[in-house]
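Novice: Following this message is one structure expressed as structure tokens.
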Amino acid sequence: MIPNENSFCDLDPSVKDKWGIPVLRFHWKWSEHELKQAAHMEATFAMIIDAIGGKAKKPEADGAKAIEPGGSIIHEVGGAIMGADAKKSVTNQWNQCWEVPNLLLNDGSAFCSNADKNPTLTIMALAWRATDHLVEEMRKGNL
Ligand SMILES: Cc1cc2nc3c(=O)[nH]c(=O)nc-3n(C[C@H](O)[C@H](O)[C@H](O)COP(=O)(O)OP(=O)(O)OC[C@H]3O[C@@H](n4cnc5c(N)ncnc54)[C@H](O)[C@@H]3O)c2cc1C
């Protein structure tokens, strides 16, 4: 999945948690890129299964019917994306929050797109890289 303007999270204007803190509200919308991928995947699987002598179900051509609802898988990332522009992202390339330099987001939230591959090794690699940078910044007295 690539980021789109309709998928973001903000603070809920009315719902608060048990400590009176506004909760995070998610907005989610698949774009045509993801819907086309889902329809293409169904068609490809059917072609392969038929080619090897199996009997595939009729592939769903409508990507919106083929794709799972957002947030229902187990590899969701993003929500506080990394970027080069502080106006359009939450962290810089070091998982470091633009507005709070001593706050690092060393988890999946800083991902700026969602590859179909497993995210955890990349989460760990980015956390290691960000922490090396943090130590360097502290050594230089920048933090
Ligand atoms: C069943 C399953 C199988 C998976 N298999 C794979 C796989 O094979 N390969 C792969 O790469 N990924 C896999 N994943 C995905 C992987 O687990 C996640 O991508 C990864 O754990 C995300 O790391 P994270 O640090 O962003 O969040 P998490 O690992 O979810 O860590 C968030 C932590 O914050 C804690 N927390 C939440 N709220 C609060 C709070 N208010 N205060 C304090 N602590 C809080 C939670 O208890 C949790 O410990 C799988 C996930 C699931 C559910």
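Novice: Compute the long axis of helix 120-139 from its Cα atoms, compare it with the longest principal axis of the Cα atoms of the chain, and write down the angle in degrees, 0 to 90, nearest 10.
Specialist: On a 0 to 90 degree scale, this one is about 20.
Novice: May I ask you to give the percent of accessible area on the chain that is carbon plus sulfur, with a probe radius of 1.4 Å?
Specialist: 63
Novice: Taking K and R as +1 and D and E as -1, what net charge do the other residues with C-beta under 12 Å from the C-beta of residue 77 add up to?
Specialist: -2
Novice: Gap in Å between the Cα centre of region 1-49 and the Cα centre of region 70-143?
Specialist: A separation of 19 Å, based on Cα centres.
Novice: How about residue 18: which aspartates and glutamates have a C-alpha closer than 13 Å to its C-alpha, ignoring those fewer than 8 places off in the same chain?
Specialist: Excluding near neighbours in sequence, the set is empty.
Novice: With the dipole of the chain worked out from charges on the C-beta (+1 for Lys and Arg, -1 for Asp and Glu) around the Cα centre, which of 70, 53, 121 lies farthest toward the positive end?
Specialist: 53
Novice: When Rg is the radius of gyration of the Cα atoms in the chain and Rh is its Kirkwood radius, what does Rg/Rh come to?
Specialist: Result for the chain is an Rg/Rh of 1.10.
Novice: Let me have the 222 nm mean residue ellipticity of the chain computed from DSSP H runs of 4+ only, each contributing -39500 (n - 2.57), with the sum over all residues rounded to the nearest 500.
Specialist: Counting only the DSSP helices, I get -10000 deg cm²/dmol.
Novice: Assigning unit charges at the beta carbon (Lys, Arg +1; Asp, Glu -1) and nothing else, what dipole magnitude in debye, to the nearest 20, does the chain show about its Cα centre?
Specialist: 100
Novice: So how tilted is helix 32-51 from the main axis of the chain? Cα-based, degrees 0 to 90, rounded to 10.
Specialist: Roughly 40 degrees, rounded to the nearest 10.
Novice: With 23 Å as the limit, write out which pairs from 36/58; 16/88; 36/117; 29/88; 36/57; 29/117 have Cα-Cα distances beyond it, or answer none.
Specialist: As for pairs spanning more than 23 Å Cα to Cα, those are 16/88.
Novice: Mind ranking 2-10, 52-60 by how tightly packed they are, going by the mean number of other C-beta atoms within 10 angstrom, highest first?
Specialist: My ranking of the peptides, most packed first, is 2-10, 52-60.
Novice: Right, here's the next one. How large is Rg/Rh for region 1-74, to two decimals, with Cα atoms and a Kirkwood Rh?
Specialist: Values: Rg = 18.2 Å, Rh = 14.9 Å.
We get a ratio of 1.22 for region 1-74.
The values are calculated or read from the model by the stated rules, or taken from the named source; none is laboratory data. For clarity, every value in this text was computed on a predicted model and none was experimentally measured. So basically every Cβ, Gly included, is an ideal-geometry build from the backbone, and we count neighbours across all protein chains shown. These area figures cover heavy atoms from the full protein model, side chains too; ligands, DNA and RNA do not enter into them. Shrake-Rupley method; radii C 1.70, N 1.55, O 1.52, S 1.80 Å.
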